[in-house]
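Just below is one structure, and these are the notes that go with it.
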Amino acid sequence: DNEQSVPQLLIRDVKLEKPLAKLMFSPDQDNHPSKAPVKYGELIVLGYNGSLPNGDRGRRKSRFALFKRPKANGVKPSTVHIACTPQAAKAISNKDQHSISYTLSRAQTVVVEYTHDSNTDMFQIGRSTESPIDFVVTDTVPGSQSNADTQSVQSTISRFACRIVCQRSPPFTASICAAGFDSSKNIFLGEKAAKWKTSDGQMDGLTTNGVLVMHPRNGFTEDSKPGVWREISVCGNVFSLRETRSAQQRGKMVENESNQLQDGSLIDLCGATLLWRTAEGLARTPTLKHLEALRQEINAARPQCPVGFNTLAFPSMKRKDVVDEKQPWVYLSCGHVHGYHNWGNKEERDGKDRECPMCRSVGPYVPLWLGCEAGFYVDAGPPTHAFSPCGHVCSEKTTAYWSQIPLPHGTHTFHAACPFCAHQLAGEQGYIRLIFQGPLD
């Protein structure tokens, strides 16, 4: 009897987190790790060093993770209707059903109805804050520190810019299409939009400013090389670029390329550029902990200012906007790192260029900032190089990679930019090797 009563005492007196029967018999987390939701990947907006200037809020943030949805919400094309009047087209496009309307002329509109697809999840990106948009993206202003700087700009990002379709079963591929469905589940391509009938009788088209994609060669690794920018159509076909962003004439179809995103693919929405990182790619990327360890390692080496002999230190990752008194500064013409000082300030040079006291080379003199957005790093190397002219510091391979990437700018130009602040790169290479002076003791 005694033996039988012991467990009852234990059960009554020990307040367990879970009922004992469950602890003993249920397939618990120790034996079967709880099923974490499947992550397809993440979108990271170029130009933000870890968060938006006024902080990440809701659907407006600097990075957005795409997880498998509890229930599939993908759609696929079904019935095609040819309507003779806009009124007829409106009648066809049912509020409860997704559809894409192609206005060919005042006399003719083609409406393609879409039906539920249980194999895919759909995520929508755009400037609109309406509920169909999963990730709200606003125009990136290079180096802007507050949203006040960005609000006055007339946006060139479409309200319903694009949609990403992820396969719900392995290998969980993600593909991109231009345009997103609005609150009435419609995509509407007006008379002026470029559109056409495909060889198999389907319709396709391009959005006003277009959605451009670049897949890097050799993946997103230290061996990566820039790929070729392409335009993606509403149905996900791949085209060479138009002459300008909104030209009426579409580019040539590129048959042997697809709209499937790869680790490191860049998506340009004409006003903001997003980097796609797959879940596997992110698993190989340095973590914030790793970047913090590298920061502490540099600071532990006690680099010194060769003029003031004061010890320099990179401020913590949270303080990434305010210049600290121990902050390292660099002469961008030579890479010599100093503390802030007024030596060699030539007033006749506008105060922008300074003469390095170590080697007398003349050039901009800027504070150094650590690149805190780990998703932009192609390797886990130490922070030895800085982008010019902004002074964002990261690994050598990372600066070398981004300095080769021509990012779309405006409606028809391209230039390399710092991924952490979107400033256009300057100088011969767009980056510089940092030369620190160690402590004299």
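Summary table
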item: Out of ILE125, ILE157, sole residue that is modelled with pLDDT of 95 or more and farther than 25 Å from GLN108 by Cα; result: ILE125
item: Residue match in the range 212-221 (condition: more than 13 Å from THR109 (Cα to Cα), outside any loop (DSSP other than H, G, I, E, B), out of contact with any Gly (no Cβ under 7 Å at 6 or more places or on another chain) and open to solvent by less than 70 Å² (accessible area, probe 1.4 Å)); result: yes
item: Residues located in the range 112-137, provided they are β-branched (Val, Ile, Thr) and part of a strand (DSSP E or B); result: VAL112, THR115, THR120, ILE125, VAL136
item: Conditions (1) in contact with a Lys or Arg (Cβ under 6 Å, 6 or more places away or on another chain); (2) at pLDDT below 95: number failed by THR198; result: (1)
item: Residue count, the range 96-111 (criterion: of a type outside the set (Ser, Thr, Tyr), within 34 Å of the chain's Cα centre (by Cα) and in a strand (DSSP E or B)); result: 2
item: Residues of the range 417-441 classified as part of a loop (DSSP other than H, G, I, E, B) and within 16 Å of the chain's Cα centre (by Cα), total; result: 6
item: Enumeration of residues in the range 247-265 that are more than 30 Å from LYS397 (Cα to Cα) and crowded, with 17+ Cβ neighbours inside 10 Å; result: ARG250, GLY251
item: Unique match (being out of contact with any strand residue (DSSP E or B) (no Cβ under 7 Å at 6 or more places or on another chain) and either over 30 Å from HIS81 (Cα atoms) or open to solvent by 20 Å² or more (accessible area, probe 1.4 Å) (or both)) among SER158, SER175, SER183; result: SER183
item: Residue match in the range 266-273 (condition: buried (at least 22 other Cβ atoms within 10 Å of the Cβ), closer than 13 Å to PHE376 by Cα and among the β-branched types (Val, Ile, Thr)); result: yes
item: Residue match in the range 275-283 (condition: touching an Asp or Glu at 6+ places or on another chain (Cβ under 7 Å), of a type in the set (Ser, Thr, Tyr) and open to solvent by 10 Å² or more (accessible area, probe 1.4 Å)); result: yes
item: Selection count where residues are assigned to a loop (DSSP other than H, G, I, E, B) and closer than 16 Å to PHE64 by Cβ, scope the range 264-275; result: 3
item: Any hit, the range 310-319, residues being open to solvent by 50 Å² or more (accessible area, probe 1.4 Å), outside the structural domain of ARG127 (by the TED database), at positive phi and in a loop (DSSP other than H, G, I, E, B); result: no
item: Filter pass, SER184 being closer than 21 Å to SER99 by Cα and in a loop (DSSP other than H, G, I, E, B); result: yes
item: Filter result for ALA65 (part of a helix (DSSP H, G or I) and either within 25 Å of VAL213 (Cα to Cα) or modelled with pLDDT under 70 (or both)); result: no
item: Lone unmet requirement of (1) surrounded by 12 or more Cβ atoms within 10 Å (Cβ to Cβ); (2) at pLDDT below 85; (3) in a loop (DSSP other than H, G, I, E, B) for ILE11; result: (3)
item: Residue count, the range 236-257 (criterion: β-branched (Val, Ile, Thr) and part of a loop (DSSP other than H, G, I, E, B)); result: 2
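The values are calculated or read from the model by the stated rules, or taken from the named source; none is laboratory data. Since the model is a prediction, treat every value here as computed from it, not as a measurement. Counting neighbours? That spans all protein chains shown, and the Cβs are built from the backbone with ideal geometry, glycine included. Note: areas computed on protein heavy atoms with side chains; ligands, DNA, RNA excluded. Shrake-Rupley method; radii C 1.70, N 1.55, O 1.52, S 1.80 Å.
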